[in-house]
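Read through the structure below, which is laid out as structure tokens, and then see the notes.
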Amino acid sequence: LDLIVLHMSVATTVTPATMDQNGFQAGEGQHSSRRGSMWGTVKTFTRQRKIQLILGVVIFLMMIIAGLLLVAGLQATNSGSVPSVGPFESDDDIFGGEDSGSSDVDGDVDGPTVAPGTTSGPTGPRRDELFDFLEDVSSPSVRDPLTPAGKAAHWLIDEDMRELVAADTSLLQRFGLATLYFATGGGTDDDGGWEDCSAIPEINYSSETLTTTGDALCVFRSGKYLCAEAVSSEDCTYIDEGTQTEVSTKRMLSPVSECDWYGIGCDAKGNVVSVVVDDNNLVGTLPSELATVEKLEFLSLRDNDMEGTLPPDWKDLTDLQEILLSDNVLNGTIPVEWKSLGKLKRLELQDNGMTVVPLNPELLKGVTSLKRLLLEANEVTVLGDIPTEIGLLESLENLSLDYIQV
């Protein structure tokens, strides 16, 4: 800043006095008045320059501070961004082939490595609220990212782009379907599990985080973000065995309504009413959490390789009308808790390894709407009588106990 020093010379002229005394006195007064006026002008001008000088210094300091803040903001933005990149040259580049840790995709972003068995994600009231809510309707296992319910909860809270909250009416059914997916082999690198329309292939949701940037879908792996086009990743096609035609749908866990996922059907209100995933190489066990799909009416998971027992908690699915689980490797008995399924019309459990005889009389007293009960060709049976309570099934039209010793 340049300081300007103003030097002023004040020249005064004495008004000549007139010859008479009154005139001389008047000229002397004019001289004094003019000198006082000019000195006041000098002081006012100096005061204004001081104010201008102070304002200039303040503005200069403010410009320096603003520049520093701008630089700091740009540095923070650059350190937290993930660049948008194009599609990969091969599937190995996208989904973690042998060299996925050192992918040559332009725009990889270095970041902290996510340790297996842990999760990375946002923290805060929403996350805490959802974990508490899901724990109440399921079990403490929702906090363990290695269990099917835990994988579903962590996906729903940390990775699902719809970012639902506890008040969303679709939260529970979305959680139940995601748990079914993980419980039956979805989202793993193991042999078997969801041949058609699985979620983004070979992504392990217990240790990897799905995110987006621009039009790209990314997975954080081996300290880097690997990205692929989101649209092509969400869409999938399969051959309908009944019509032998190609059907387009959305992959499981896509960031769209669960009503658009593979095998899922909804009513006009958006409630999931049917789940049909036949002959799709499902493995693992049937999860109790499917009971959170409260309006479910039709369930068909035939011709797969699921094992384990039938979940007693499905007793809460009081709108269920058909359960088709034939041609799996299920074991155990039909839960007596299912006596609450008063609308059940069709139960098909043939070609499993279940202990289906004797039939529990208490169960039969509750499922009086049954029209079709198929239990044949189960490998494990016990000797016993057919209970007389089967006569309570007044609507029964088809009862099959072929290849069962009674």
- [ ] Taking Gly186 as the residue in question, decide whether it is in contact (Cβ under 8 Å) with a residue 24 or more places away in the chain, assigned to a loop (DSSP other than H, G, I, E, B) and either crowded, with 21+ Cβ neighbours inside 10 Å or hydrophobic (A, V, I, L, M, F, W, C) (or both).
- [x] yes
Open item on the list: Checking the condition within 20 Å of Gly187 (Cβ to Cβ), surrounded by fewer than 20 Cβ atoms within 10 Å (Cβ to Cβ), at pLDDT 95 or above and among the polar types (S, T, N, Q), which residue from Thr285, Thr292 passes?
Closed with: Thr285
- [ ] Among the candidates Val276, Val256, single out the residue that is open to solvent by 40 Å² or more (accessible area, probe 1.4 Å) and of a type in the set (A, V, I, L, M).
- [x] Val276
Open item on the list: Which residue is nearest to Gly263 (Cα to Cα), if the candidates are limited to region 301-321 and must be among the charged types (D, E, K, R) and open to solvent by 50 Å² or more (accessible area, probe 1.4 Å)?
Closed with: Arg302
Task: Tabulated pairs, region 353-379, first farther than 13 Å from Gly391 by Cβ and of a type in the set (Lys, Arg), second open to solvent by 30 Å² or more (accessible area, probe 1.4 Å) and not in a helix (DSSP H, G or I), C-beta under 6 angstrom, 6+ apart or interchain - done: Lys371/Lys345; Lys371/Ser395; Lys371/Glu397; Arg372/Arg346; Arg372/Asn398
Open item on the list: I need the full set of residues from region 389-403 which are in a helix (DSSP H, G or I), touching a residue at least 24 places away in the same chain (Cβ under 8 Å) and either of a type outside the set (D, E, K, R) or within 18 Å of Lys343 (Cβ to Cβ) (or both), in order please.
Closed with: Ile390, Leu392
Task: Matching residues, region 156-181, being closer than 24 Å to Ser300 by Cβ and buried (at least 20 other Cβ atoms within 10 Å of the Cβ) - done: Leu172, Gln173, Arg174, Phe175, Gly176, Leu177, Ala178, Thr179, Leu180, Tyr181
Open item on the list: Just to be sure I understand the filter: pairs with C-beta atoms under 9 Å, separated by 6 or more residues or on different chains, first member in region 247-262 and among the small types (Gly, Ala, Ser), second member open to solvent by 40 Å² or more (accessible area, probe 1.4 Å) and assigned to a strand (DSSP E or B). Which pairs pass?
Closed with: Ser248/Asp235; Ser248/Thr237; Ser248/Tyr238; Ser254/Asp235; Ser257/Lys250; Ser257/Cys266
Open item on the list: For region 149-172, check the following and say yes or no: at least one residue is in contact with a Leu (Cβ under 6 Å, 6 or more places away or on another chain), in a helix (DSSP H, G or I) and without any contact (Cβ under 8 Å) to a residue 12 or more places away in the chain.
Closed with: no
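One line per residue, one yes/no per condition, for (1) at pLDDT 90 or above; (2) farther than 30 Å from Asn281 by Cα; (3) among the hydrophobic types (A, V, I, L, M, F, W, C):
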residue	(1), (2), (3)
Asp319	yes, no, no
Leu330	yes, no, yes
Asn352	yes, no, no
Leu364	yes, yes, yes
Ser369	yes, yes, no
Ala377	no, no, yes
- [ ] Among the residues of region 234-253, write down those that are under 18 Å from the mean Cα position of the chain (by Cα) and open to solvent by 40 Å² or more (accessible area, probe 1.4 Å).
- [x] Asp235, Lys250, Arg251
- [ ] Out of the residues in region 385-406 that are over 21 Å from Thr309 (Cα atoms) and of a type in the set (Gly, Ala, Ser), state the one that is modelled with the lowest pLDDT.
- [x] Gly391
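The values are calculated or read from the model by the stated rules, or taken from the named source; none is laboratory data. Note that the structure is predicted; figures quoted are calculated from it, not measured. Positions of Cβ are generated from backbone atoms using ideal geometry, with glycine treated the same way; all protein chains shown enter the neighbour counts. For accessibility, only protein heavy atoms count, side chains too; no ligands or nucleic acids. Shrake-Rupley method; radii C 1.70, N 1.55, O 1.52, S 1.80 Å.
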